[in-house]
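The values are calculated or read from the model by the stated rules, or taken from the named source; none is laboratory data. Nothing here was measured: the structure is a model prediction, and the numbers come from that model. Backbone-built Cβ (ideal geometry, glycine too); neighbour counts: all protein chains shown.
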Amino acid sequence: MKVTFGARLSLIAVILTATSGPLPAPIFEEATPTPIAPQPAKPKPKRTVKPKITSDRAESSTTRPSSPAPRLLSGQFLGVTGEDKVGPWGQTTPNGKPDWHIRLFNVKSDPATLKIESQSGGIFGKPTWVIPFNGFNWVIAKQFNTGTLDLWFEPAGTSTVTFEVNLTYADSSTDLVYVAPTSTRPAR
């Protein structure tokens, strides 16, 4: 048995009239559904990718250029490697005693100033080496070559400690790296 919308309203009216008295006449009529005409399918827009030429290789205009990989400054304490470039205090000539050697990787440019500080204290504080010479701390010899920075400095204290290396560049930006005898070069 099929019950129409109008029949349902009549049944509700009978139930309500029996419980609360007569109801006003309904203010709406049963609607008949109007068929909707099917819409023609819209064609999908064609997507064209035009290559954008940058230097010697083509790149799709829909790809985003990747940012350069972050530079991870790291270092390795090499100990004594045979070079004798500096002496104590401000001596910038060999003194007959091989220097300690630190090699840093992923250095952004040749630093204007450097400070190496031993993390072990002594009677007179932590041994510290600097470049340029400041009249107080011992001097460092350096050699920069495309991201690699070699540092030589006169041994003082023990070589089994960690060194803090502070770099300041010409643009006033800075880097800091801790170098220990067990440090290793990062994989490339």
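Condition (residue is assigned to a strand (DSSP E or B), among the charged types (D, E, K, R) and in contact with a strand residue (DSSP E or B) (Cβ under 6 Å, 6 or more places away or on another chain)) applied to region 169-176: is it met by at least one residue? Yes, region 169-176 has at least one match. When the criteria are applied in full, Phe136 meets the requirement of being at pLDDT 90 or above, hydrophobic (A, V, I, L, M, F, W, C), assigned to a loop (DSSP other than H, G, I, E, B) and more than 19 Å from Pro70 (Cβ to Cβ). Going by the conditions given, is Trp152 in contact with an Asp or Glu (Cβ under 6 Å, 6 or more places away or on another chain), at pLDDT below 95 and buried (at least 17 other Cβ atoms within 10 Å of the Cβ)? Considered against the rule, which asks whether it is in contact with an Asp or Glu (Cβ under 6 Å, 6 or more places away or on another chain), at pLDDT below 95 and buried (at least 17 other Cβ atoms within 10 Å of the Cβ), Trp152 comes out as no.
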